[in-house]
Amino acid sequence: MELDANVREIALENKMSHKITNYPTQKPEALLERIIKSSSKPGDIIMDCFMGSGTTCAVAQRLGRRWIGCDI
């Protein structure tokens with residue numbers, strides 16, 4: 001299968017990784033990092049209204065963004 005030059009594959013986390021939370025909708029950190037970096041600057045606020053495993057907030061913190069997360 002040939003991919004468009006602008007599309008890159010992002011691997012899922014290894015099932016044995018310490019980053020796996022077993023939360024069914026957890027996204028790969030590389031994907032969240034790309035989204036956060038492309039849509040915000042350090043110091044901006046990232047809001048995740050469906051926080052679940054908390055991966056988005058953890059990545060936002062690591063990238064120097066403030067964050068708000070809520071679930072249920």
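What the table shows:
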quantity: Pairs, first farther than 9 Å from residue 63 by Cα in segment 35-46, second β-branched (Val, Ile, Thr), C-beta under 7 Å, six or more apart; calculated: 40/46; 45/68; 46/36; 46/56
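Rundown of residues vs (1) modelled with pLDDT of 95 or more; (2) surrounded by 16 or more Cβ atoms within 10 Å (Cβ to Cβ), yes/no style:
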site: 11; (1), (2): no, no
site: 23; (1), (2): no, no
site: 29; (1), (2): no, yes
site: 45; (1), (2): yes, no
site: 54; (1), (2): no, yes
site: 67; (1), (2): yes, yes
site: 71; (1), (2): no, no
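The values are calculated or read from the model by the stated rules, or taken from the named source; none is laboratory data. Not measured: the values here are computed from a predicted model. Note that we place each Cβ from the backbone using ideal geometry, even for glycine, and neighbour counts take in every protein chain shown.
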